[in-house]
1. May I ask you to list pairs of residues, at least six apart or on different chains, whose Cβ atoms are under 6 Å apart, with the first in segment 68-84 being over 17 Å from residue 58 (Cα atoms) and the second being among the small types (Gly, Ala, Ser)?
2. Which numbered condition trips up residue 66, out of (1) over 18 Å from the mean Cα position of the chain (by Cα); (2) farther than 28 Å from residue 157 by Cβ; (3) among the small types (Gly, Ala, Ser)?
3. Hey, could you check segment 162-198 for residues that are in a helix (DSSP H, G or I) and among the small types (Gly, Ala, Ser) and say which is nearest to the chain's Cα centre (by Cα)?
4. Mind checking whether some residue in segment 87-104 is part of a helix (DSSP H, G or I) and touching a residue at least 40 places away in the same chain (Cβ under 8 Å)?
5. Residue under question is residue 25, and the condition is that it be assigned to a helix (DSSP H, G or I) and either in contact with a helix residue (DSSP H, G or I) (Cβ under 9 Å, 6 or more places away or on another chain) or over 20 Å from residue 124 (Cα atoms) (or both); does it hold?
6. Name the one entry in 75, 101, 20 that is more than 19 Å from the chain's Cα centre (by Cα), over 24 Å from residue 133 (Cα atoms) and either crowded, with 16+ Cβ neighbours inside 10 Å or hydrophobic (A, V, I, L, M, F, W, C) (or both).
7. Can you confirm whether residue 40 is closer than 21 Å to residue 185 by Cβ, touching a residue at least 60 places away in the same chain (Cβ under 8 Å) and in contact with an Asp or Glu (Cβ under 8 Å, 6 or more places away or on another chain)?
Amino acid sequence: MSLSLLASQLNEAFPRLSAVQRLERACATASGRLVFTTSFGVEDQALTHLIAEAGLPIEIVTLDTGRLFPQTYDVWRATEARYGLRVRALYPEREALEALVARQGVNGFYESAANRQACCGVRKVAPLARALEGAQVWVTGLRGSQSGHRAGMDYAGFDAARGLLKVNPLLDWTREETADFCARHDAPVNALHAQGFPSIGCAPCTRAVAPGEDERAGRWWWETSDKECGLHVDAQGRFVRAAAPGQGGAKGLVDS
């Protein structure tokens, strides 16, 4: 069965399933490696809890850009201790990073959108490619309500550029539901969330948001872009979608 068809089947089934059932369905469907990429935000912490507690065969990896907040490293350590696991870390390649800094300067990403995208490319997109090499399924913590740009996502889609199935089990969760889930299950959360940081990336590129602002307004705030680093969009800035329209709109179950 093609991955495009599998994506369409998952999109049809997921609205009737809880988040852990969605993960289980993805595992049962896959014939190859499943990789979950975490940045240790509240959504990713919820997924880590579900994966660990259910003992699912999903590899957990993170992209350490070298510019993360100290609080992110704190929750990384707490997560490994809480669940008795090791998160695999991927880093920028030395030569590429050294060339980037030599060309732009240490904070050259502030100077232009092209510079910022190049920095994300070296620190995040290239390591992601290594993380997903040989994987069949990529699990993410994306939610549709994080931004207007993400609202049109599907639960699952065929990522043609990477040749894999991309699955978003928390697509229909709200911010409040996600935070409540982590609180009820004692999942470690980043201390910055309580300080007005709903979305947390690299320290130089993330600020707190004001009341009423979009969740991702604090990412690359000096730009007027769609607040994406290139991990989840194609060359035209479009999110991966299923071959057929997804069955969005039905509310998924939040509890595990």
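The values are calculated or read from the model by the stated rules, or taken from the named source; none is laboratory data. Remember, it's a predicted structure, so these values are computed and weren't measured experimentally. We place every Cβ from the backbone using ideal geometry, glycine too, and count neighbours over all the protein chains shown.
1. 69/203; 71/191
2. In the conditions (1) over 18 Å from the mean Cα position of the chain (by Cα); (2) farther than 28 Å from residue 157 by Cβ; (3) among the small types (Gly, Ala, Ser), residue 66 misses (1) alone.
3. The first filter runs over segment 162-198 and keeps only residues in a helix (DSSP H, G or I), leaving 175-184, 191-195.
The next check asks that each one be among the small types (Gly, Ala, Ser); those that pass are 179, 183, 191, 194.
Details: 179: 16, 183: 20, 191: 18, 194: 20 Å.
Ranking the qualifying residues of segment 162-198, first place goes to 179.
4. Going through segment 87-104, the residues part of a helix (DSSP H, G or I) turn out to be 94-104.
Next cut, touching a residue at least 40 places away in the same chain (Cβ under 8 Å) only: none.
Checked segment 87-104: no residue is part of a helix (DSSP H, G or I) and touching a residue at least 40 places away in the same chain (Cβ under 8 Å).
5. Numbers: assigned to a helix (DSSP H, G or I): yes; either in contact with a helix residue (DSSP H, G or I) (Cβ under 9 Å, 6 or more places away or on another chain) or over 20 Å from residue 124 (Cα atoms) (or both): yes.
Here the answer is yes, as residue 25 does meet what is asked.
6. On the way: 75 fails: more than 19 Å from the chain's Cα centre (by Cα); 20 fails: more than 19 Å from the chain's Cα centre (by Cα).
Testing whether each residue is more than 19 Å from the chain's Cα centre (by Cα), over 24 Å from residue 133 (Cα atoms) and either crowded, with 16+ Cβ neighbours inside 10 Å or hydrophobic (A, V, I, L, M, F, W, C) (or both) leaves just 101.
7. Details: closer than 21 Å to residue 185 by Cβ: yes; touching a residue at least 60 places away in the same chain (Cβ under 8 Å): yes; in contact with an Asp or Glu (Cβ under 8 Å, 6 or more places away or on another chain): no.
Taking the combined requirement at face value, the residue does not satisfy it.
Listed here are the residues, each with its yes/no results for (1) modelled with pLDDT under 95; (2) at positive phi; (3) buried (at least 18 other Cβ atoms within 10 Å of the Cβ).
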{"position": "81", "(1), (2), (3)": "no, no, no"}
{"position": "89", "(1), (2), (3)": "no, no, no"}
{"position": "106", "(1), (2), (3)": "no, no, no"}
{"position": "119", "(1), (2), (3)": "no, no, yes"}
{"position": "132", "(1), (2), (3)": "no, no, yes"}
{"position": "138", "(1), (2), (3)": "no, no, yes"}
{"position": "146", "(1), (2), (3)": "yes, no, yes"}
{"position": "149", "(1), (2), (3)": "yes, no, yes"}
